[in-house]
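Novice: Got a structure for you, questions after.
Computed from the coordinates by the stated procedures, all read-outs in this text should not be read as laboratory data. Fair warning: this is a prediction, and the values are worked out from it, not measured in the lab. Cβ placement follows ideal geometry from the backbone for every residue including glycine, while neighbour counts extend to all protein chains displayed.
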Amino acid sequence: MKKALITGVTGQDGSYLAELLLSKGYEVHGIKRRASSFNTQRVDHIYQDPHVEHKHFVLHYGDLSDSSNLTRILQEVQPDEVYNLGAQSHVAVSFESPEYTADVDGLGTLRLLEAIRLLGMEKKVRFYQASTSELFGEVQEIPQKETTPFYPRSPYAVAKMYAYWIVVNYRESYGMYACNGILFNHESPRRGETFVTRKITRGLSNVAQGLENCLYMGNMDALRDWGHARDYVRMQWMMLQQAQPEDFVIATGVQYSVRQFIEWSAAELGITLRFEGQGVDEVGIVAALDSSLVTSHPALSVGDRIVAVDPRYFRPCEVETLLGDPTKAKEKLGWTPETTVQQMCAEMVRVDLKEAKRHALLKEYGYEVPVAIE
Ligand code: NDP
Ligand code: GDR
């Protein structure tokens, strides 16, 4: 039985990857951070009671800022494959916590690689690094592929650039099987609530149920190449099954704007939106309501303003456009994404609407449950 160790197992990708590896018969170990309350919601459905013998899914406390625990866990687990998905992964937050982001996303990767080397496991372990399309930042070529020069535009991207090159360096210096997956944006109903797609599907579902009045957005002109996280973790595993370690771009090859994602999400809720105004004055107005679709709209009328811009969400440096070229992944690994961005958007709205309806029902019966909004 193969053993895998996943950092960031409690995150979006970590949870899908853990499911995938368990379905392939792996023994899966994950590193979770110590928090003052439970933080394992995304993996609770695969959690196994620690008192049961012969568990296939085991969680260990640890942190990428602490070499001592990384070394201890690696020594204890003796994994065949290590997936480094742990990170402070929010680009906007990285401007507020640049040093922490550099420490965890940049040096954290070095700590893990160095622990593998010092334990003499560098010829045995296969290492996957969660690299990112943010490395391309101010794009130098359209679409972006493995050979496109990097131009990072945030402390997050700069930290990830260090991680990218240290992985290449350990591969070249010590003959480690280590690869970078340069993944473009990927989303799902498990996406963190403050990333743009989930903020939209959750926010508009709340608006449709009368739990929020308006969705406040940053730069709606930003263009992204969005895929489904389930498809992308499949590729993370595939990259470690090759004869030789290589880096791959993972993307769909299609790009849309944030505004388009808002329109699709609204349409899934039976709301036709009309955008008016420019820049910070741009608003999204309800142009029509179709109650035969997913839900009725007790809280909405035609003419309501339900989307507006709040400059608070603008970034000091923006990545305006990203579009990936996944040709290498398709040709060498036979990988193609199975879910389109529109299907993914529909799935996300379905899940968020269900939750919003639950909150609305509780409210109707006098149980007010606060809805967290960023
Ligand atoms: P998430 O933000 O959902 O998950 C990040 C994970 O890292 C969480 O489990 C988090 O723990 C953990 N983590 C945060 N800080 C630390 C730390 N100091 N030590 C150990 N673990 C830590 O990200 P995704 O699942 O979306 O992404 C996975 C990886 O892929 C990240 O490295 C991200 O930067 C990268 N990436 C993501 C893309 C995307 O579009 N999703 C695209 C390209 C790259 P906790 O749950 O406690 O917060
Ligand atoms: P990104 O994802 O920065 O690409 O990083 P995010 O969803 O945060 O932003 C995408 C684009 O949408 C614009 N935007 C907003 N973003 C957020 N979060 N909130 C808003 O209100 C908002 N309004 C507009 C942003 O400015 C941006 O242009 C993600 C993360 O998962 C990284 O870890 C990963 O490396 C990259 O994707 C690939």
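Novice: In this model, which of 160/199; 145/332; 3/124; 145/328 are farther than 18 Å apart at the alpha-carbon?
Specialist: Too far apart for the 18 Å limit: 160/199.
Novice: Further, regarding this structure: Counting other Cβ atoms within 10 Å, keep those with at most 14, restrict to DSSP loop, and tell me which GluC sites (Glu not before Pro) in the range 250-325 are left.
Specialist: 320
Novice: Express the relative contact order of the chain as a whole percentage, based on alpha carbon pairs under 8 Å and six or more residues apart in sequence.
Specialist: Worked out over the chain, it gives 16 percent.
Novice: Related question: What fraction of the Cα pairs in the range 91-206, stated in percent, has a spacing above 26 angstrom?
Specialist: 29 percent
Novice: Using the Cβ atoms and a cut-off under 12 Å, what net charge is assigned to the surroundings of residue 271, where Lys and Arg are +1 and Asp and Glu are -1?
Specialist: On the way: positive: 274; negative: 263, 268, 290, 304.
Local charge sum for residue 271: -3.
Novice: With equal scatterers on the alpha carbons only and no solvent term, can you work out the Debye log10 of I(q)/I(0) for the range 3-183 at 0.12, 0.18 1/Å?
Specialist: Treating every Cα as an identical point scatterer, log10 I(q)/I(0) equals -0.56, -1.21.
Novice: Counting every Cα pair in the chain, what percent are over 41 Å apart?
Specialist: Cα-Cα pairs in the chain separated by more than 41 Å: 15 percent.
Novice: How far apart, in nm, are the 7 Å Cα→Cβ label points at residue 314 and residue 165?
Specialist: Spacing of the two 7 Å Cα→Cβ label points: 3.1 nm.
Novice: Roughly speaking, what is the stretch gain from residue 119 to residue 93, that is 0.36 nm per residue apart minus the C-alpha to C-alpha distance, in nm to one decimal?
Specialist: So the chain would gain 6.0 nm between residue 119 and residue 93.
Novice: Same structure, new question: Mind jotting down the three principal axis lengths of the range 173-320 based on Cα atoms? Whole angstrom, largest first.
Specialist: Taking max minus min along each principal axis of the Cα atoms, the range 173-320 gives 63, 36, 24 Å.
Novice: Compute the signed sum of charges (Lys and Arg +1, Asp and Glu -1) over the other residues within less than 10 Å, Cβ to Cβ, of residue 197.
Specialist: Local charge sum for residue 197: +4.
Novice: For labels at residue 254 and residue 336 in the simple 7 Å Cα→Cβ model, what's the distance in nm?
Specialist: Here the modelled spin labels are 1.3 nm apart.
Novice: Roughly how big is the range 3-183's charge dipole about its Cα centre, with Cβ charges of +1 (Lys, Arg) and -1 (Asp, Glu), in debye to the nearest 20?
Specialist: 320 debye
Novice: Using alpha-carbon positions, what is the distance between the centroids of the range 71-103 and the range 120-197, in Å?
Specialist: Taking the Cα centre of each part, the range 71-103 and the range 120-197 sit 12 Å apart.
Novice: What's the extension gain from residue 58 to residue 46 if we count 0.36 nm per residue and subtract their Cα-Cα distance?
Specialist: Length gained between residue 58 and residue 46: 3.3 nm.
Novice: Another question, if that's okay. Among 139, 58, 82, which one moves the most in a GNM of the chain with springs linking Cα atoms closer than 10 Å?
Specialist: Highest fluctuation of the listed residues: 58.
Novice: Taking +1 at the Cβ of each Lys and Arg and -1 at the Cβ of each Asp and Glu, which of 334, 299, 288 sits farthest along the dipole of the range 273-374 towards its positive end, judged by Cα position relative to the Cα centre?
Specialist: Working it through, the farthest residue towards the positive pole turns out to be 334.
Novice: Which residue, 225, 44, 66, tops the fluctuation ranking in a GNM of the chain built on C-alpha contacts under 10 Å?
Specialist: For the chain, modelled as a Gaussian network with Cα springs under 10 Å, the answer is 44.
Novice: In whole Å, what is the distance between the alpha-carbon centres of the range 203-243 and the range 254-317?
Specialist: 17 Å
Novice: Still on this structure, I have one more. Only sites in a loop by DSSP and with at most 15 other Cβ atoms within 10 Å count here; which chymotrypsin sites (Phe, Trp or Tyr not before Pro) in the range 11-89 make the cut?
Specialist: Answer in residue order: 38, 47.
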